[in-house]
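What follows draws every value from the coordinates through simple rules; no lab data is involved. No experiment lies behind these values; they were computed from the predicted model shown. Reconstructed Cβ throughout: ideal geometry from the backbone, glycine too, with neighbour counts over all protein chains shown.
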Amino acid sequence: MKFFADTAEIEEIRELADTGLLDGVTTNPSLIHKSGRDFMEVTKEICGIVDGPVSAEVVALDHATMMKEADKLRAIADNVCIKVPLTIDGLKTCRALTDDGTMVNVTLCFSANQALLAAKAGATFISPFVGRHDDNGFDGMELIRDIRLIYDNYLFDTEILVASVRHATHVLESARIGADVMTAPPKVIKALANHILTDKGIEGFMKDWKATGQSIL
Ligand code: E4P
């Protein structure tokens with residue numbers, strides 16, 4: 001499963017990229033607002049740090065303007081992936097862009113039927129928002145299971161990008177189901193490395209190693 005960082009904070013992206021664990025980045029208008037940075041500038045900077053897809057979202061709601069915005073965004077770098085909302089205009093834009101060889105991430109997906117439409121529109125990625133789905137009384141992971149089943153039934157090659165990931169259980173379940181990608185805030189990705197028994201084990205080994213009086217270097 002690929003790991004994308006869901007952030008527009010350069011330092012966080014750089015730190016994760018340095019670990020070799022990062023396969024891409026997703027941004028959205030709210031994350032750009034939070035970063036306080038110019039959208040075009042920060043997107044260019046992120047594309048320079050990460051080799052994989054960097055999602056940049058259009059903000060127009062009609063197809064014609066979405067296409068104009070996408071033209072500006074895809075000119076930033078070869079690894080820009082245009083993010084469009086799951087609306088009829090977004091799907092039309094998705095088809096036009098993917099026919100043209102541009103990567104597209106269809107975002108704000110909350111139903112398996114929406115995911116089916118995105119695959120039919122040739123989406124590179126579909127982004128079901130599991131955390132927001134859970135928040136509204138639904139089962140976000142059940143949505144991922146349904147999409148996996150449907151995509152496998154018809155051999156769609158649209159990748160399932162689990163979004164709005166809030167905690168380690170979302171990541172684990174995504175991997176169990178066979179999602180292709182998950183995007184999460186860097187702190188959630190880094191926390192996956194934590195285990196109390198790992199910490200206790202290191203503490204014990206360090207204590208005993210010190211007692212040997214030896215050194216490796
Ligand atoms: C995905 O591409 C979105 O940017 C993101 O995962 C939304 O997450 P949130 O529900 O935590 O805002």
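Figures for the structure shown
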read-out: Sole residue being more than 24 Å from C94 (Cα to Cα) and out of contact with any helix residue (DSSP H, G or I) (no Cβ under 8 Å at 6 or more places or on another chain), chosen from K190, K210; value: K210
read-out: Of residues in the stretch 91-149 being touching a helix residue (DSSP H, G or I) at 6+ places or on another chain (Cβ under 7 Å), among the aliphatic types (A, V, I, L, M) and part of a loop (DSSP other than H, G, I, E, B), the one farthest from D180 (Cα to Cα); value: A121
read-out: Residue that is farther than 30 Å from K92 by Cβ, out of contact with any strand residue (DSSP E or B) (no Cβ under 8 Å at 6 or more places or on another chain) and more than 11 Å from the ligand (Cβ to nearest atom), where the choices are K120, K200; value: K200
read-out: Test: residue in the stretch 53-74 that is of a type in the set (A, V, I, L, M, F, W, C), in contact (Cβ under 8 Å) with a residue 40 or more places away in the chain and within 30 Å of A168 (Cα to Cα); value: no
read-out: Residues that are touching a residue at least 60 places away in the same chain (Cβ under 8 Å) and charged (D, E, K, R), drawn from the stretch 1-25; value: K2, D6, E9, E12, E15, D23
read-out: Residues within the stretch 34-47 that are among the charged types (D, E, K, R) and either in contact (Cβ under 8 Å) with a residue 40 or more places away in the chain or assigned to a helix (DSSP H, G or I) (or both), tallied; value: 4
read-out: Count of the stretch 71-90 residues which are within 16 Å of the ligand (Cβ to nearest atom) and part of a helix (DSSP H, G or I); value: 2
read-out: Neighbours by Cβ (under 7 Å, 6+ apart or cross-chain): first from the stretch 193-207, closer than 19 Å to H167 by Cβ; second surrounded by 10 or more Cβ atoms within 10 Å (Cβ to Cβ) and not hydroxyl-bearing (S, T, Y); value: none
read-out: Subset of the stretch 147-189 that is surrounded by 14 or more Cβ atoms within 10 Å (Cβ to Cβ) and either hydroxyl-bearing (S, T, Y) or without any contact (Cβ under 8 Å) to a residue 12 or more places away in the chain (or both) - its residue that is farthest from the ligand (Cβ to nearest atom); value: Y151
read-out: Matching residues in the stretch 13-33 - criterion: being more than 15 Å from E57 (Cα to Cα) and either assigned to a helix (DSSP H, G or I) or within 12 Å of the ligand (Cβ to nearest atom) (or both); value: I13, R14, E15, L16, A17, D18, T19
